[in-house]
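Notes follow the structure.
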Amino acid sequence: MAEEVKNDGFLADKDGAGLIVSSSPHLFNTESIPKIMHTVVMALIPAMIAAIYYFRLDAVVLLVTCIVTSLITEFIFQKARKQPVTVYDGSAIITGILLALMLPPSFPIYGAIIGSVFAIGVGKQIFGGLGYNIFNPALLGRAFLQATYPVMITTWHEPATKGVDVVSAATPLALMKFEGISTGWGSLLIGNTSGSMGETCAIAILIGGLYLFYKGYIDLRMPLGYLGSIAVFGLLFWLGGDGKYPDPVFHILAGGAMLGAWFMITDMVTSPVTPKGQWIFVIVAGFLVVAIRNLGGLPEGVMYSILLMNAAVPLINRWTRPKVFGEQPKKNGKEKG
Amino acid sequence: MKLKTFQRGIHPAYHKELSNNSAVERAAIPKTVVIPLRQHIGAPCEPLVKRSDIVEEGQKIGDVQSFVTAPVHSSVAGKVKSVDMLPFPGGGKVQAVVIETAEDYVPKDWEAEGPIVDVDALTPEEIRYTVRSAGIIGMGGAAFPTSVKISPPKGAVVDTLLINGCECEPYLSSDHRQMVENADKLVLGIKALMQAVGAKNPLIGIEDNKMDAVKAVREAAKRLLPELKIVELETKYPQGAEKMLIKAALDRTVPIGKLPFEVGVVVNNVGTAVSIYEALAFKKPLIERIVTVSGNGIKTPKNLMVRIGTTFEALIEECGGLKTDHKEMVVINGGPMMGITQPRLDVPAVKGTSGITCLTADTVKPADYFGCIRCASCVDACPMRLMPLKLGDMGRLSITEEFNNFNGMSCMECGCCSFVCPSKRPLVQWIRLAKIKLRDEERAKHA
Ligand code: SF4
Ligand code: SF4
């Protein structure tokens, strides 16, 4: 259960001289959940700006809808369950932003509302709130919308910057998968393609990710391990595929790989806590992306790769417990002394 | 050059600048001293004096027949006022001798005639005997009787003597001043310790935030003990934890539940080495020590040479007093990471009191805590490579069996995990609960 409890180790002693007594350590660093979460929100600003630049009002409307709905849902759930209200901690804002960034620009507002309610309600609060959820709430919300509105969520249009008022256009991944047309690396980098609002501009996402790294909130092994794994498996397919499969750089730049690598793989709550476990997590997830994209029926595999690995986290944590300092090798299968 | 260090750990703000350049001053001789009969880990002493007895400075006033113990001595000359259960800075109450200082008391100058014993000629047994009878214990805070620490078990081969000059706790600077001001005595103490344990390879580990200490010790070693190796270490907490220091300086790993003897090492603290030399050369028992009084709650931080048994109150007064009201103050015996908060100030400074840290409530007050966001900060910080997030929950929920399977008993309560947790979860507090519960269960099983 979620706990937010008064720290009982900290109380004034009644028999003493009125000094405060507490249990060691008496020193703490200045990190806090709101501080971490607000930094992540800051890091998402470039991606949001890119989304608004390319998709104009659509992007603004969807972002606002998702953020506000997420916050309200969190508030209502916490009130209803008589839990301390922590909407100010920034985590619901992140879920709202990420969900919005994963939607196609033409997605209807009611759909965005439903997705946000599901993400926060089912994805997070039912598990007990922040820290207790198994799946990344935004990804779960997106998966729910994929199942409920399979058509709308795969209807894309070209960014407004292209000037033409196209009703719909396939994403680079879909073009690749179904028509064998590859999109140039340049367009993918700057985001001048059709796709989910926040996924198209790789550079904006990268800037935000590097900011998080600079602030010390992510370990590079997570995003780079994930992208590296996608690249390596992508390369193997490319080399062995006789032109059937896209090149590794395309894999990294297209679709949700960048956003996934810097903002979802790195979600603390739903990734392993041990260094070794984090490696396993990102490498297998990277393999899954390439396998789904190249072999599965869907053009995109980032969402499922991460959700699948989220489910495996408790197991991974158990397998990869670090060897305790001074731990002796086991003898005859039995633990010594 | 890459500095030696251990894996993981933290970099708290050290605030050493408050006191590390202040030369040691003698604290005023107190009107009364309170000398607890158990200041060490091990068997408590029995009082050798009673009410109204007249005692000399340095007179033994408590001892007991036991291997793991250390006698206590009067730190002043005067009259015994009472022998009573009194509050102890390490927690709880301990039997203590209260001595009223004589009106005409003049402190004895133990070193007036220079060394009265040829330390080089002493046998290991003689050294151990003197160390025990001088009441010397680990002065870095561990308070383990030194005579035991320098008695290797049968069959153990000690090749290395490692001196701990890390002083990694924030605020404290008593060892630092010891190295800067008493480098000669320190090096001679190291020499005597080598004789006692038969170690050929002497090392001293010093963090790189104390370069003046490195220089002073190097200087003294050149003249007195050229083979002493000075190892500069990264400034990182808990560099001075025995197992971490052995790992950093020697790259040897002490197995779980084992002593440094296992890897051929004996570790002693800087202050302890100085006291050992004083005991051997001048027959001076452990009756005074350097105490750092520091923190943002004290008016003038100082390093004081303090008679064992002087109350915290007197020492805080000597440093200009506390800045704010008691209600907003935390007074800690030791440093802020592992020290113990004091509910009252009439407790005495004891042999293990390396510092008195006074912090204002706003610097220490932990916020209310939240759910674990599995950020792994605690895992990345734990020098024992444990899983503090799991151990904490097991403690909170009293799942002692799992706690044991996860090696919870090897937690050294260094506090790194609680320090880094963004959810401010009191992990160490919970771990402590589990340890106590587990110990009780074991005891019940054997009873
Ligand atoms: S540091 Fe705190 S929030 Fe982070 S994993 Fe450890 S216990 Fe959980
Ligand atoms: S679990 Fe114990 S040893 Fe590890 S960081 Fe926490 S207090 Fe230190």
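The values are calculated or read from the model by the stated rules, or taken from the named source; none is laboratory data. Remember, predicted model here, so these are calculated numbers, not experimental data. No Cβ is skipped: glycine too gets one built from the backbone with ideal geometry, and neighbour counts run over all protein chains shown. These accessible areas exclude ligands, DNA and RNA; they are computed on the full protein's heavy atoms, side chains included. Shrake-Rupley method; radii C 1.70, N 1.55, O 1.52, S 1.80 Å.
Determine if the stretch B:256-268 includes at least one residue that is within 16 Å of ligand 2 (Cβ to nearest atom) and either under 20 Å from the mean Cα position of the chain (by Cα) or outside any strand (DSSP E or B) (or both). Within the stretch B:256-268, one or more residues are within 16 Å of ligand 2 (Cβ to nearest atom) and either under 20 Å from the mean Cα position of the chain (by Cα) or outside any strand (DSSP E or B) (or both). Restricted to the stretch B:76-177, the set of strands (runs of 3 or more DSSP E) holding at least 1 residues that are of a type in the set (Gly, Ala, Ser) and closer than 30 Å to residue B:236 by Cα comprises B:160-165. Against the condition away from ligand 2 (no atom under 14 Å from the Cβ), of a type in the set (Val, Ile, Thr) and outside the structural domain of residue B:317 (by TED's automatic domain parsing), how does residue B:399 come out, does it pass? Judged against the criteria, residue B:399 is a match.
Looking at the stretch B:2-15, can you tell me whether even one residue there is of a type outside the set (Lys, Arg) and in a strand (DSSP E or B)?
Of all residues in the stretch B:2-15, those of a type outside the set (Lys, Arg) come to B:3, B:5-7, B:9-15.
Applying the additional criterion that residues be in a strand (DSSP E or B) yields B:10.
The answer is yes; a qualifying residue exists.
Meeting the requirement of 1 or more residues that are open to solvent by less than 10 Å² (accessible area, probe 1.4 Å) and at pLDDT 90 or above, the helices (runs of 4 or more DSSP H) wholly within the stretch A:240-337 are A:275-295, A:302-319. For the structure I just gave you, tell me whether residue B:296 is open to solvent by 10 Å² or more (accessible area, probe 1.4 Å), part of a strand (DSSP E or B) and among the polar types (S, T, N, Q). Judged against the criteria, residue B:296 is not a match.
The helices (runs of 4 or more DSSP H) located wholly in the stretch B:350-447 that include 1 or more residues which are more than 9 Å from ligand 1 (Cβ to nearest atom), within 28 Å of the chain's Cα centre (by Cα) and under 22 Å from residue B:240 (Cβ atoms) occupy B:361-364, B:416-420, B:427-446.
For the stretch B:25-41, the set of residues classified as under 14 Å from residue B:300 (Cβ atoms) and part of a loop (DSSP other than H, G, I, E, B) consists of B:27 only. Of the residues making up the stretch B:324-344, those that are more than 7 Å from chain A (Cβ to nearest Cβ) and closer than 15 Å to residue A:18 by Cβ number 3.
For residue A:27, state whether it is part of a helix (DSSP H, G or I) and either buried (at least 21 other Cβ atoms within 10 Å of the Cβ) or away from chain B (no Cβ under 14 Å) (or both). Even if it seems obvious, please write down each step before you answer.
Values: part of a helix (DSSP H, G or I): no; either buried (at least 21 other Cβ atoms within 10 Å of the Cβ) or away from chain B (no Cβ under 14 Å) (or both): yes.
Judged against the criteria, residue A:27 is not a match.
When the residues of the stretch A:34-90 are narrowed to those that are touching a Lys or Arg at 6+ places or on another chain (Cβ under 9 Å), part of a helix (DSSP H, G or I) and open to solvent by 30 Å² or more (accessible area, probe 1.4 Å), which ends up modelled with the lowest pLDDT? So the residue we want is A:77. Here residue B:347 meets each of (1) facing chain A (nearest Cβ under 8 Å); (2) aliphatic (A, V, I, L, M); (3) in contact with a helix residue (DSSP H, G or I) (Cβ under 6 Å, 6 or more places away or on another chain) with one exception, condition (1).
Residue-by-condition table, conditions (1) within 26 Å of residue B:318 (Cα to Cα); (2) in contact (Cβ under 8 Å) with a residue 12 or more places away in the chain; (3) open to solvent by 80 Å² or more (accessible area, probe 1.4 Å):
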position	(1), (2), (3)
B:5	no, yes, no
B:8	no, yes, no
B:18	yes, yes, no
B:21	yes, no, yes
B:33	yes, yes, no
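The residue list B:232, B:219 contains one member that is more than 30 Å from residue B:360 (Cβ to Cβ) and not in a strand (DSSP E or B), which is B:219. If only residues of the stretch B:363-396 that are touching a Phe, Trp or Tyr at 6+ places or on another chain (Cβ under 7 Å), touching a residue at least 12 places away in the same chain (Cβ under 8 Å) and open to solvent by 30 Å² or more (accessible area, probe 1.4 Å) are counted, the one that is farthest from ligand 2 (Cβ to nearest atom) is B:396.
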